[in-house]
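Data block below; observations after.
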Amino acid sequence: MRQRVDDDGGVYRRRSGQLEAAVLEALWADPEPLTPVGVQAILGGGLAYNTVYTVLSRLRGKGLVTRTTVNGHAAYAPTRGPVELAAAQMHKLLAHSGDRSAILHRFVSSLSPDDECALRAALDEGTDGSPAQE
């Protein structure tokens with residue numbers, strides 16, 4: 001088995017979650033469910049089929065993808081888009097924090113001016129995207 005080598009001559013290892021993120025990006029880019037072979041082709045880099053299948057299985061276990069069949073083969077599609085997933089991760093972090101108010105304050109105080117404007121606009125809208133009722 002050939003191992004990928006990093007710039008320092010050591011064995012290349014992805015950071016935790018990096019491969020899952022790459023698989024999700026591949027799934028988000030295609031409107032149709034993808035088979036593990038399809039994901040493998042998109043990702044390239046000599047990934048083994050078993051590696052891709054394992055990642056897809058783990059994502060399914062986390063509820064991030066659903067499994068269906070395409071022409072008799074297992075195929076996978078994301079359960080949420082990237083925006084919904086990011087929002088869910090933010091909610092999860094807040095739910096497991098001790099001081100939500102302090103965390104939100106620190107988050108808001110570290111926003112760029114553009115992000116602050118975007119957040120203000122989002123807060124001024126209702127949950128359905130319409131202006132909030134006074």
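Over all other residues within a Cβ to Cβ distance under 12 Å of ILE42, the charged ones net out to -2, with Lys and Arg as +1 and Asp and Glu as -1.
Taken about its Cα centre, region 18-78 carries a charge dipole of roughly 240 debye when the Cβ of each Lys and Arg holds +1 and the Cβ of each Asp and Glu holds -1. The Cα atoms of region 18-78 give a gyration tensor whose axes a ≥ b ≥ c have a/c under 1.5, which makes the shape rounded.
Amide H contacts of THR66: ALA77, THR79, each under 5 Å away and 5 or more positions distant or on a separate chain (H built 1.01 Å from N in the peptide plane; Pro and chain starts excluded).
We did not get these values from a lab; they are worked out from the coordinates using the rules stated. The model shown is predicted, which means the values in this text are computed figures rather than measured ones. Glycine gets a Cβ as well: all are built from the backbone with ideal geometry, and neighbour counts include every protein chain shown.
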